[in-house]
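This report refers to the structure that appears directly beneath it.
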Amino acid sequence: MKIQENVVLAPLTTLQVGGPARYLVEAASEDDVREAVGFAQAKGLPLFVLGGGSNLVVADSGWPGLVLKIAIGGIRRRAEGGTVLFDAGAGVDWDEFVVEAVVGNCAGVECLSGIPGSVGGTPVQNVGAYGQEVSETIASVRALDLKEGRVVVLPEEACGFHYRSSIFNSTERGRYIILRVTYRLTLDGTPSLKYADLQKHFTASGGPPSLAQVRAAVRQIRQSKGMLIVSGDADCRSAGSFFKNPVLGEAQFSGLASRAQSRGLKIPSYPALDAQRKVSAAWLVEHSGFAKGLTLGAAGISHKHALALINTGRASAADIVRLKERIQQDVETTWGIALEPEPVFVGF
Ligand code: EPU
């Protein structure tokens with residue numbers, strides 16, 4: 001196990017802000033993970049587990065303890081009934097995993113193409129896009145349980161999956177270090193086409209698209225929204241969606257609708273949002289005075305999507321937080337809705 005000291009974390013995240021970790025260990029195996037945890041415990045250091053760094057805001061002061069970068073690799077595939085189980089190391093790049101599935105003609109994750117980050121991060125926030133969520137395909141999660149000091153395998157039902165949430169980022173936050181994830185995919189399955197953007201993409205074509213065509217379409221749509229990492233493009237120096245789409249109760253929803261009506265506006269309504277009574281956070285942001293492309297210091301809003309806060313080049317974490325707070329205040333004042341951030345805040 002190689003222990004590095006005072007490693008700047010900004011380059012390990014897609015938003016590219018944040019100070020140094022006191023210690024950093026890259027764990028390529030389960031033994032490495034155990035050893036690193038032992039090191040942190042012996043020294044009384046706070047532990048932070050880093051995956052792909054795509055959903056993080058790291059404080060300018062960095063992290064005072066140990067950052068454990070999970071680099072466990074390997075994808076194993078086995079058939080079971082009409083399905084195929086893919087068991088992937090938590091450190092596998094998520095999009096490389098999607099490629100394996102699509103090339104192997106297995107359906108279930110094709111709409112999750114082009115999402116930055118690693119396999120181990122996907123159960124934590126129940127990653128979802130274009131009508132798919134990983135909770136639909138995760139069979140089990142293998143993790144080191146820090147409370148019990150042993151490796152456990154949690155079946156899907158034990159993970160408590162909801163919109164952008166699981167036990168890993170709520171009730172049991174900090175308890176488990178995810179080591180591997182098993183996904184159950186469907187061999188020769190048909191691609192999922194639930195999302196309007198995606199359906200629109202294929203209206204002109206004749207028969208149903210292949211998994212590979214859906215993958216390509218999703219990547220194209222993501223790129224048009226600045227949600228695909230393209231090196232050198234400031235619009236994707238972000239943590240993806242910075243706020244969750246608020247899920248409203250009946251009374252709150254009608255209150256919002258009447259506020260919109262009094263301004264001559266109509267809140268967007270789509271099956272994908274309506275089914276869960278969600279409203280578009282991007283729309284709320286844009287209609288509270290934050291246009292795409294707006295900047296505040298070195299922080300800004302993507303030119304392509306109002307929900308992506310970006311680092312225009314030399315932003316600090318404080319710049320990002322200032323813009324986040326300004327948006328939250330103004331959305332609350334204008335619409336009476338408290339936007340909840342989606343990324344994980346580290347060292348604040
Ligand atoms: N909209 C705006 N302004 C914008 C962008 C969108 O007003 O700049 C409105 C439009 O009415 C648009 C609607 O919001 O039709 C929905 O936009 P979009 O389809 O881009 O989806 P989203 O709700 O903003 C969610 C996820 C994304 C995921 C997409 C596609 C959340 C917080 N975000 O975004 O996930 O890729 O749907 O399924 O649930 C992420 O979590 O980091 C992420 C990128």
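Report, in whole Å, the centroid distance computed from the Cα atoms of the range 202-219 and the range 18-95. That distance is 34 Å.
Need one word for the range 3-70: rounded, prolate or oblate. Basis is the Cα gyration tensor (sqrt eigenvalues a ≥ b ≥ c); a/c below 1.5 gives rounded, then a/b vs b/c decides. Kindly include the intermediate steps, with their values, before the conclusion.
On the way: a/c = 2.32, a/b = 1.47, b/c = 1.58.
Oblate shape, in that a/c is at least 1.5 and b/c is the bigger or equal ratio.
Normalising by the residue count of the range 75-224, find the relative contact order in percent from Cα pairs under 8 Å and 6+ residues apart. Worked out over the range 75-224, it gives 30 percent.
How high is the relative contact order of the chain, in percent, with contacts defined as C-alpha pairs under 8 Å that are six or more residues apart? Walk me through the numbers on the way to the answer.
Values: 748 pairs, mean separation 58.0, N = 348.
Relative contact order comes out at 17 percent.
If a/c stays under 1.5 just call it rounded; otherwise compare a/b with b/c (prolate if a/b is bigger, oblate if not). Do that for the range 207-348, with a ≥ b ≥ c from the square roots of the Cα gyration tensor eigenvalues.
Values: a/c = 1.94, a/b = 1.08, b/c = 1.80.
The shape class here is oblate.
The range 305-330 and the range 116-194 have Cα centres separated by 28 Å. Taking other residues whose beta carbon is less than 13 angstrom from the beta carbon of I267, and scoring Lys, Arg as +1 and Asp, Glu as -1, yields +3. Charge tally around S165: other residues with Cβ under 14 Å, Lys/Arg +1 each, Asp/Glu -1 each, net 0. Where is the GNM fluctuation largest for the chain (alpha-carbon springs, 10 angstrom cutoff): D330, D31, D319? Greatest mean-square fluctuation among the candidates belongs to D31. Couplings for the range 197-209, taken from phi via the Karplus curve 6.51 cos²θ - 1.76 cosθ + 1.60 with θ = phi - 60°, read 4, 7, 4, 4, 4, 10, 4, 6, 6, x, x, x, x Hz in order; Gly and Pro are left as x.
Assigning unit charges at the beta carbon (Lys, Arg +1; Asp, Glu -1) and nothing else, what dipole magnitude in debye, to the nearest 20, does the range 3-70 show about its Cα centre? Walk me through the numbers before you get to the answer.
Working: 4 positive and 7 negative charges, 38 e Å.
Computed about the Cα centre, the dipole is about 180 debye.
Overall, the anisotropy analysis places the range 255-313 in the oblate class: the square-rooted eigenvalues a ≥ b ≥ c of its C-alpha gyration tensor yield a/c not less than 1.5, with a/b not exceeding b/c. When the Gaussian network model of the chain links Cα atoms closer than 10 Å, the mean-square fluctuations of F253, F242, F168 top out at F253. Note on A272 and V153: the extension gain reaches 39.7 nm, defined as 0.36 nm multiplied by sequence separation minus the Cα-Cα distance. Considering only trypsin sites (Lys or Arg not before Pro) in DSSP loops that have at most 11 other Cβ atoms within 10 Å, the longest stretch of the chain without any of them is 3-146.
Each residue of the chain gets 143 Å³ once the volume of the Cα convex hull is shared out per residue. Secondary-structure-derived ellipticity at 222 nm for the chain, considering helices only, amounts to -7500 deg cm²/dmol, per-run term -39500 (n - 2.57) for DSSP H runs with n ≥ 4. Highest GNM mean-square fluctuation among Q328, Q213, Q276, for the chain modelled with Cα contacts below 10 Å: Q276.
Read-outs: derived from the displayed coordinates by stated rules, not from any lab. Just so you know, these numbers come straight off a predicted model, no measurement behind them. Note that each Cβ is placed from the backbone with ideal geometry, even for glycine, and that neighbours are counted across all protein chains shown.
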